[in-house]
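Novice: Okay, handing you the structure first.
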Amino acid sequence: MPYYITTPIYYVNDKPHIGHAYTTIVADVIARWQRLKNEEVFFLTGTDEHGEKIEKAAFAAGTTPAVFVDSIVGKYTELWKILDISNDDFIRTTEERHIAVVKSFVKQLIKGGDIYKGEYEGWYCTPDETFFTKLQLVDGKCPECGRPVKRLKEESYFFRLSKYQGALLRFYENNAGFLAPEFRAREITNRVRNGLNDISITRKNVGWGIPFPGDESHTIYVWVDALLNYISALGWPDGIFARFWPANVHMVGKEINWFHSVIWPAMLFSAGIEPPKKVFAHGWWTVEGKKMSKSVGNAIDPKVIAERYGRDSLRYFMIREMPLGDDGDFSEKALAARINGELVDDLGNLVYRALTLAERFGGSISGTAELEKSLDLEGIMKCIEGLDLSGALEKVWSFIRASNRYINEKEAWKLSGEDFGNALYNLVEALRVISILIKPFMPGTSESIRKQLGIQAEGLDACRFKEFKGRIVKGPYLFEKVKA
């Protein structure tokens, strides 16, 4: 079955931080898991490159917006390679394939009577590219970033969002899994019940954007432009759109949940397009208990962390440390604790001990599946399908710890003959299954285990004990102890 997963497209006013890395790693884990199931996967990420904030940042840097965004986009594509992200496409909103879809889509909204010309007056936050009502402001400042807002009054084109209040509420009711996690669903539903206002979808005095069809004195509001990346990358209305739409999951941060869970489906209703199946709004990372902020100087560079501790260690930590949907705290001390405990002492120790025993054995590795009963494969699958990625890792590690206990309880180093062969069979089969289960989370580590076992890559259907057909060549330790 086709499976389509997306990250938000990231705003390129600055280099990527740990929050961008987290969302992308989460989506990558889900995409890789679906591939293990032999699904046909399309995994999309990309960059959002228009708007007033980009225009101002470029001018402040003494360059043009086009040159500025090119310089930042390269930092994202480089990071995704470092983190071993397996995206199938990378969409940029400055690409012609995207611009053409945006214009065509907006024309369809105009044709349907859902766009009209008026005048907008409200409070605008330039860093967030968002309008707010006076009631939404907190101490007269932006409720999202806390920075000053400015009063704007200008000619604008509007989208009739208010028209879709009832349709949205019915959709939420009939598609219980669309808004996730559940506690965020209540927030969105309650806000929609309180009423929706039509939204401004163009800017009069922002040149760095896509011209509005029929009136090029306006450019399309950056958020309308950005949301359409999910279908422009599929070549809507042609291309592979019919095969992969609707998206299975839009993975987003909680700060942009409103745009994805309310404005985006309303736009799709207007265009006669089915909404995505799920919008999952995850939490935020703090840094040692403090909100991550460029001004405070505590923003974490994921490239530096990956190079210092290893990309698989970072991938593992971010998924294991913060249950998807909750907020989490990043610290190098916590990262080191996970590496030294779960990666070195548990997984690394198991691989090294088992393959050291295998070096002593010259016979055929076969026996009775004793360790398999410690594997909760159904529970692991249920966790991942429910997007409880941290819970899935906990169950995998439960099996890893059971395998380490098996060595101790059997005192495998004292065994000989068939008893030794049977113990070794259980251990190498456990490692083979573990190499499959950790592949979405730590693809490099999975490959290293597989190579030491001398086996071919396998899918999820091979997660059962069977005849072992590898040629074992023990390698170095998978992980080494670190200091934060």
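The values are calculated or read from the model by the stated rules, or taken from the named source; none is laboratory data. Here the structure is a predicted model, which means the values were calculated and not measured. Positions of Cβ are generated from backbone atoms using ideal geometry, with glycine treated the same way; all protein chains shown enter the neighbour counts.
Novice: Kindly provide the set of residues from the stretch 272-327 that are of a type in the set (Asp, Glu) and within 30 Å of residue 104 (Cβ to Cβ), ordered by number.
Specialist: Our first condition is that a residue be of a type in the set (Asp, Glu); within the stretch 272-327, this holds for 274, 288, 301, 307, 312, 321, 326-327.
274 - this is the single residue of the stretch 272-327 that is of a type in the set (Asp, Glu) and within 30 Å of residue 104 (Cβ to Cβ).
Novice: List pairs: first residue in the stretch 330-358 and under 19 Å from residue 415 (Cα atoms), second residue among the hydroxyl-bearing types (Ser, Thr, Tyr) anywhere in the structure, Cβ distance under 7 angstrom, at least six positions apart or on different chains.
Specialist: Pairs that qualify, where the first residue is under 19 Å from residue 415 (Cα atoms) and the partner is among the hydroxyl-bearing types (Ser, Thr, Tyr), are 350/403; 352/477.
Novice: If residue 85 meets every condition in (1) within 19 Å of the chain's Cα centre (by Cα); (2) over 21 Å from residue 226 (Cα atoms); (3) assigned to a helix (DSSP H, G or I) apart from one, which number is that one?
Specialist: For residue 85, the exception is condition (3).
Novice: Select from the stretch 44-63 the residues that are under 28 Å from the mean Cα position of the chain (by Cα) and β-branched (Val, Ile, Thr) and write down the one among them that is surrounded by the most Cβ atoms within 10 Å (Cβ to Cβ).
Specialist: 45
Novice: A further question on this structure: Could you tell me which of the residues 151, 147, 186 is within 24 Å of the chain's Cα centre (by Cα) and loosely packed, with under 13 Cβ neighbours inside 10 Å?
Specialist: Details: 151 fails: within 24 Å of the chain's Cα centre (by Cα); 147 fails: within 24 Å of the chain's Cα centre (by Cα).
On inspection, the qualifying residue turns out to be 186.
Novice: Follow-up. Which of (1) surrounded by 15 or more Cβ atoms within 10 Å (Cβ to Cβ); (2) among the acidic types (Asp, Glu); (3) closer than 22 Å to residue 480 by Cβ does residue 307 not meet, given it meets every other one?
Specialist: (1)
Novice: To continue, here is another question. Among 131, 158, 178, 90, which is the only one that is in contact (Cβ under 8 Å) with a residue 60 or more places away in the chain and within 30 Å of residue 57 (Cβ to Cβ)?
Specialist: Values: 158 fails: in contact (Cβ under 8 Å) with a residue 60 or more places away in the chain; 178 fails: within 30 Å of residue 57 (Cβ to Cβ); 90 fails: in contact (Cβ under 8 Å) with a residue 60 or more places away in the chain.
It is 131.
Novice: Sticking with this structure for a sec: If you check 372, 480, 458, which single one turns out to be in contact (Cβ under 8 Å) with a residue 12 or more places away in the chain, of a type outside the set (A, V, I, L, M, F, W, C), assigned to a loop (DSSP other than H, G, I, E, B) and surrounded by 13 or more Cβ atoms within 10 Å (Cβ to Cβ)?
Specialist: Numbers: 372 fails: assigned to a loop (DSSP other than H, G, I, E, B); 480 fails: surrounded by 13 or more Cβ atoms within 10 Å (Cβ to Cβ).
The match here is 458.
Novice: Of the conditions (1) of a type outside the set (A, V, I, L, M, F, W, C); (2) modelled with pLDDT of 95 or more; (3) in a loop (DSSP other than H, G, I, E, B), residue 205 satisfies every one except a single condition; which number is it?
Specialist: The number of the failed condition is (2).
Novice: Looking at (1) surrounded by fewer than 21 Cβ atoms within 10 Å (Cβ to Cβ); (2) modelled with pLDDT of 95 or more; (3) over 30 Å from residue 174 (Cα atoms), which is the only condition residue 278 fails?
Specialist: So residue 278 meets the others, but not (3).
Novice: Take residue 192 and tell me if it is part of a loop (DSSP other than H, G, I, E, B), β-branched (Val, Ile, Thr) and farther than 15 Å from residue 109 by Cβ. Explain how you work it out, then say what you get.
Specialist: Working: part of a loop (DSSP other than H, G, I, E, B): no; β-branched (Val, Ile, Thr): yes; farther than 15 Å from residue 109 by Cβ: yes.
Taking the combined requirement at face value, the residue does not satisfy it.
Novice: Is it true that some residue in the stretch 36-59 is modelled with pLDDT of 95 or more, in a helix (DSSP H, G or I), farther than 17 Å from residue 226 by Cα and not small (Gly, Ala, Ser)?
Specialist: Here is the first cut: in the stretch 36-59, the ones modelled with pLDDT of 95 or more are 36-50.
Then drop every residue that is not in a helix (DSSP H, G or I), which leaves 36.
Now narrow it down to the ones that are farther than 17 Å from residue 226 by Cα: 36.
With not small (Gly, Ala, Ser) added as a condition, the list becomes 36.
The answer is yes; a qualifying residue exists.
Novice: While we're looking at this one, here's another question. Can you say whether residue 430 is under 33 Å from the mean Cα position of the chain (by Cα), assigned to a helix (DSSP H, G or I) and under 22 Å from residue 445 (Cα atoms), as far as the supplied structure shows? Steps first, answer last, please.
Specialist: Values: under 33 Å from the mean Cα position of the chain (by Cα): yes; assigned to a helix (DSSP H, G or I): yes; under 22 Å from residue 445 (Cα atoms): yes.
So residue 430 passes the test.
Novice: Any idea which of 428, 396 is among the β-branched types (Val, Ile, Thr), farther than 26 Å from residue 86 by Cβ and modelled with pLDDT of 95 or more?
Specialist: Details: 396 fails: farther than 26 Å from residue 86 by Cβ.
Matching residue, one of 428, 396: 428.
Novice: If a residue has to be aliphatic (A, V, I, L, M), closer than 15 Å to residue 209 by Cβ and touching a helix residue (DSSP H, G or I) at 6+ places or on another chain (Cβ under 6 Å) to count, how many in the stretch 55-100 make the cut?
Specialist: Number of matching residues: 1.
Novice: Within the stretch 172-183, count every residue that is in a helix (DSSP H, G or I) and buried (at least 17 other Cβ atoms within 10 Å of the Cβ).
Specialist: Initial filter on the stretch 172-183 (in a helix (DSSP H, G or I)): 172-174, 182-183.
Restricting the remaining residues to those that are buried (at least 17 other Cβ atoms within 10 Å of the Cβ) gives 172.
Here the count works out to 1.
Novice: Taking residue 141 as the residue in question, decide whether it is without any contact (Cβ under 8 Å) to a residue 60 or more places away in the chain, surrounded by 13 or more Cβ atoms within 10 Å (Cβ to Cβ), more than 26 Å from the chain's Cα centre (by Cα) and under 21 Å from residue 93 (Cβ atoms). Show your work before the answer.
Specialist: Numbers: without any contact (Cβ under 8 Å) to a residue 60 or more places away in the chain: yes; surrounded by 13 or more Cβ atoms within 10 Å (Cβ to Cβ): yes; more than 26 Å from the chain's Cα centre (by Cα): yes; under 21 Å from residue 93 (Cβ atoms): no.
No: the conditions fail for residue 141.
Novice: Ok, one more. Residues that are under 20 Å from residue 31 (Cβ atoms), in contact (Cβ under 8 Å) with a residue 12 or more places away in the chain and of a type outside the set (Val, Ile, Thr): which helices (runs of 4 or more DSSP H) entirely in the stretch 211-320 hold 3 or more of them?
Specialist: Numbers: elements: 222-227, 229-232, 241-244, 264-271, 302-309.
Hits in the stretch 211-320: 229-232.
Novice: Has the stretch 391-410 got at least one residue that is among the aliphatic types (A, V, I, L, M), without any contact (Cβ under 8 Å) to a residue 60 or more places away in the chain, in contact with a Leu (Cβ under 8 Å, 6 or more places away or on another chain) and surrounded by fewer than 18 Cβ atoms within 10 Å (Cβ to Cβ)?
Specialist: Within the stretch 391-410 (the criterion being among the aliphatic types (A, V, I, L, M), without any contact (Cβ under 8 Å) to a residue 60 or more places away in the chain, in contact with a Leu (Cβ under 8 Å, 6 or more places away or on another chain) and surrounded by fewer than 18 Cβ atoms within 10 Å (Cβ to Cβ)), the answer is yes, since at least one residue qualifies.
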